[in-house]
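Engineer: Right, I'll just put the structure down here and ask away after.
Each reported figure results from applying straightforward, stated rules to the coordinates on display, with no laboratory input. Note that the structure is a prediction, hence the values are computed from the model and not measured. Note: ideal-geometry Cβ built from the backbone for every residue, glycine included; neighbour counts use all protein chains shown.
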Amino acid sequence: MDDKPILVVDDDPSALQYMSLALSERFGQVRSASGGFQALLAMERELPALVVADLRMPEMDGLELLALTKERWPETPFILVTVEQEVATVVDAVKRGATNYLVKPVSPAALCVAVSRALATASLIRNMPDRSAHEIIGACPAILRVRHLVSLAARSDMNVLITGKTGTGKELVARAIHRLSSLARGPFVAHNCAVTPADLFESQFFGHRRGSFTSAERDQAGLLEEADGGILFLDELECLSPSHQAKLLRVLDDGEVRPVGSRDSRVVSVRFLSATNHEPESMLRSGTLREDLYHRLRGLEIRLPLLRERRQDILPLARHFLDAGADRLSSEALAALGEYSWPGNVRQLRNSLRAAQALSGGGTIERRHLNLPHVSAPGPVGPPHPPEAQVGTGDAAAGTIRNAEREIILRALDSCRGHRGQAAHALGIHRSTLRRKLREFGIAPES
């Protein structure tokens, strides 16, 4: 902190005293102000290391104070404190420069964790000039926006929700945020929620003590302890049951973790990056996702486009996946790459190209090496047609897409002689996703 104080701003005297006391015990110097104008005067006299301000204050609210602070002292970290009903308003504030936000009532532990992260992030920004997400390849407008949001997420401490279909690169984005953030030296723990057994959720996430259940032969740390001081990436968030979501929500609120079979709990500092293949709005409507958990996890939302929506990026991606071997793609193979619909998105492109490279024996990659079904007549590689022209509208279009998807999966299973692991790899999707699709289509399970 370079001996600079922390400035706490709140028009409620009790809240001001509560936060000031909690922070002074952990960080030392703390200054307080009862409103926005008093805060600006305090900053003129002595620039703080960080500002913690309430959202709702008379005369000048937290958003106005944020705007003025960022205009005059843009590198000063700024944390907003709000109530549950105002979360949507505060989430937008991160785009104006807020480092993070906290929801009342704020525990001393959660407050100190947020301040520690914000100070570390500010230090990283000052000492790390290269903050480009070079692992995210492409130059279409949608990908440029993703790169911008990744950079924004890395400069803040907010939780991030990454949405997009299977194979669009959600974990790649999560790892880019980790690499560029203040937590880069901390752990990155990735977990697919689809493989969490219902009866082992608490043990897997919170850990357990020896003897707490029949097979607990030794103490075991959970995912939250493993990710302490770093990032926990939760993929396929939609697979968590509502009861498990409620238990996770408690950790987001107070940071406390109590292993199964233990009477003691400990506070962990974990930043959550989550991903889902589904539209959050539909999950909220169906009750698959709790609204309060959604607002906690969606500090920022990054939506990833389908590969067929960014066809101009196919060649740069091919160059990346094949290294120098992209020059050995025949014109017919290049045309096929542009014509294909890529239901498995970037992951499927990567797997197809690497398989084709092996099949070509290091020579020119021809169209036949790509093994792509349903490729239409050759045509130019360019922007996709509007969605209406691609898939039609209404129930008929949905049925057509569903039938095509079922046919692609059946062909993949047939070519892999029914081996689901190989078929999932060929399609560029997780095996758990393939299993779910097979249930949806009523395809018989493995014998």
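Engineer: Anyone know which of Asp235, Asp54, Asp292 comes out most mobile in the 10 Å Cα GNM of the chain?
Structural biologist: Per the Cα network of the chain with a 10 Å cutoff, Asp292 tops the list.
Engineer: Given the chain, what percent of its DSSP beta bridges are antiparallel, to the nearest 5?
Structural biologist: Of all bridge pairs located within the chain, approximately 10 percent are antiparallel.
Engineer: Taking only C-alpha pairs under 8 Å that are 6+ residues apart, what is the relative contact order of the chain in percent?
Structural biologist: The normalised contact order for the chain reaches 12 percent.
Engineer: Given the -39500 (n - 2.57) contribution per DSSP H run of 4+ residues, what per-residue ellipticity at 222 nm results for the chain, rounded to the nearest 500 deg cm²/dmol?
Structural biologist: For the chain, the value works out to -14000 deg cm²/dmol.
Engineer: Please give, to one decimal in nm, the separation of the simple spin-label points placed at Ser215 and Ser265, each 7 Å out from Cα toward the Cβ.
Structural biologist: 2.7
Engineer: Relative contact order of segment 6-127: what whole-number percent is it, with Cα pairs under 8 angstrom and at least 6 residues apart?
Structural biologist: Computed over segment 6-127, the figure is 24 percent.
Engineer: Please compare each pair in Lys104/Lys247; Lys95/Lys247; Lys95/Lys170; Lys165/Lys437 to a cut-off of 23 Å on the Cα-Cα distance and tell me which ones are over it.
Structural biologist: Among Lys104/Lys247; Lys95/Lys247; Lys95/Lys170; Lys165/Lys437, the Cα-Cα distance tops 23 Å for Lys95/Lys247.
Engineer: Could I ask something else about it? Find the relative contact order for segment 141-303 and round it to a whole percent, using C-alpha pairs within less than 8 Å whose residues are 6+ positions apart.
Structural biologist: Computed over segment 141-303, the figure is 33 percent.
Engineer: Once you order the gyration tensor axes a ≥ b ≥ c over the Cα atoms, which shape class does segment 6-127 get: rounded for a/c under 1.5, otherwise prolate or oblate by comparing a/b with b/c?
Structural biologist: Rounded, since a/c falls under 1.5.
Engineer: In addition: Can you compute the modelled spin-label distance between Glu84 and Glu332, with each label point 7 Å from Cα toward Cβ, in nm?
Structural biologist: Output for this residue pair reads 6.3 nm.
Engineer: Mind checking the dipole of the chain: about its Cα centre, +1 per Lys or Arg Cβ, -1 per Asp or Glu Cβ, Debye to the nearest 20?
Structural biologist: 1480
Engineer: Here's another thing I want to ask about it. For the chain, what are the DSSP H helices with axial Cα length of 27 Å or more and mean Kyte-Doolittle hydropathy of at least -1.0?
Structural biologist: Going by DSSP H runs, the hits are 108-127, 394-415.
Engineer: Another question about this same structure. Of the options Pro108, Pro259, Thr82, report the single residue whose Cα projects farthest towards the positive end of the charge dipole of the chain (beta-carbon charges: Lys, Arg +1; Asp, Glu -1).
Structural biologist: Result: Pro259.
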